[in-house]
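The values are calculated or read from the model by the stated rules, or taken from the named source; none is laboratory data. This is a predicted model, so every value here is computed, not measured. Note that each Cβ is placed from the backbone with ideal geometry, even for glycine, and that neighbours are counted across all protein chains shown. With ligands, DNA and RNA removed, areas are computed over all heavy atoms of the protein, side chains included. Shrake-Rupley method; radii C 1.70, N 1.55, O 1.52, S 1.80 Å.
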Amino acid sequence: MVFTTLRLPPYPKLVTNNRFSGIFASQFHSSALPSRLVLGSSSSCVGTLSLSINHHSSRWSSTAFTCFSQTSELSVSVDTYGSNTERVVVLVIGGGGREHALCYALQRSPSCDAVFCAPGNAGISTSGNATCIPDLDIFDSSAVISFCRKWGVGLVVVEPEAPLVSGLANDLVTAGIPTFGPSAEAAALAGSKDFMKTICHKYGIPTAKYQTFSDASAAKQYIKEQGAPIVIKADGLAAGKGVAVASTLEEAYEAVDLMLVEGIFGSAGYRVIVEEFVEGEEASFFALVDGENAIPLESAQDYKRVGDGDTDLNTGGMGAYSPAPFLTKELQNVVMESIILPTVKGMSMEGCKFVGVLYAGLMIDKKSGLPKLIEYNVRFGDSECQVLMVRLESDLAKVMLATSRGELKGVSLKWSPGSAMVVVMASKGYPGSYEKETVIRNLEEAECVAPAVKVFHAGTAFDSDGNLIATGGRVLGITAKGRDLEEARDKAYLAVEEINWPGGFYRQDIGWRAFPQKQFSRNA
């Protein structure tokens, strides 16, 4: 037997998937005879690794392993067995709950060989779902491109809207790196609500009546003419907090002053959208878009208000479930035909084709029963992404790669039967000021209370003593699958109650819209 040993540059905590393709493609090419893996002495590994290279594509495959190494140098020996199936190493940009869910789904994808996440978070790094790169500046395109070339990254998934709006996807595409995420021009659908409304008006997409203002007095005069309730929104990105639903004129005037006079959202609030209040049922609708074609994801519904019974302030999401029973297939077809596809066509005609996931925040108008577009996001919703990713059975990496290449036509997605629910645990005081660095315990126990329970991390880190601590407002997403929504709910709350976190809180009634009124409270 002849062995060939190949030296690879060091990288901490390397986590691979079932197949390890492409990660070292940029380091070397080889036609080595069957060989074996040698790990540097300062590494410790869990599992075994068997690498192979395909003579035609120089793509790797392997069994799963996790390597915990701070400074070790990998020595890899390669055999000649391989597969013609295209495989890819993925870099996920972001560090919240939705990124954790995406890493989880990508790590299970047959065509994904390894997952990196920048910056990631404590939960992602310890779960084995991805290798976190906390020191990679996601706003420095040249640094991201350099990392991708060094580590053979074949797909970048850009989730946060800020780097998208700043043009990270533009630079990656220019560098020839397949990217799941829209250009800066297309990301304006989320980066500017005025731009989104202009597209709606131009291409006949149903949305709430509105006007845009940069002058507080003019905005207040319009509000007085329209009456309350009414909605005031910061034009730009405000981390999910730039929306005020005012039930009185005084509340509306105060919201205008906070945004336009006091500037609480900075440049994001130098213009405001004053929008009619549409009464009805909220829904989240997601579609993958490749510039010309779009395919819908499964339905989901989230809970934005911080208090039980949909009371108190809006948040980035306190929980969600999928599927959403009221969002029927017929209604989904209406959304595709009247909202999603006209948007895709309109963006193409405007010269800024949209590529990535289009997240439509909808209101199903109580009067007409028809959907109206309330807002667009150009990434997955945080809570909804978690329930969708635990239900997705298709190869996410393969689908995202097809999206980036404009090859979605004819693609279909497979979903697990039953339901999924996520209950978000947040720091006490959120969405206002909240205490940070409170200690969280018993997460492993929570994941073991019932089958199909997964805890996704959003704002977590480790302190100097190795304790898991909360660093953000929304911190954990306790997600569960069940044969039906009731079983998913029971599992999720059982897991929540296992977690020892005095500094956190959660809503008790996630999913209540889908249950009979008598089940409004879990304790009823």
Original post:
Which one is farthest from Ala175 (Cα to Cα), of the residues in the stretch 137-146 that are open to solvent by 20 Å² or more (accessible area, probe 1.4 Å) and of a type outside the set (S, T, N, Q)?
Top reply: Asp137
Original post:
How many of the residues in the stretch 455-490 are buried (at least 23 other Cβ atoms within 10 Å of the Cβ) and of a type in the set (D, E, K, R)?
Top reply: 3
Original post:
If you take the residues in the stretch 86-136 that are over 24 Å from Leu468 (Cα atoms) and not in a strand (DSSP E or B), which one is most open to solvent (accessible area, probe 1.4 Å)?
Top reply: Arg108
Original post:
Across the stretch 262-279, which residue is farthest from Gly227 (Cα to Cα) among those that are touching a residue at least 24 places away in the same chain (Cβ under 8 Å) and open to solvent by less than 40 Å² (accessible area, probe 1.4 Å)?
Top reply: Ala268
**OP:** Residues being buried (at least 24 other Cβ atoms within 10 Å of the Cβ) and under 15 Å from the mean Cα position of the chain (by Cα): count how many of those fall in the stretch 147-162.
**Re:** 4
Original post:
What are the residues in the stretch 288-325 that are in contact (Cβ under 8 Å) with a residue 40 or more places away in the chain, open to solvent by less than 10 Å² (accessible area, probe 1.4 Å) and of a type in the set (S, T, N, Q), if any?
Top reply: Gln301, Thr315, Ser322
Original post:
Would a scan of the stretch 180-195 turn up a residue that is more than 27 Å from Val157 (Cα to Cα) and at pLDDT 95 or above?
Top reply: no
Subject >> Condition met for Ser368 (of a type in the set (S, T, N, Q) and assigned to a helix (DSSP H, G or I)) >> reply: no
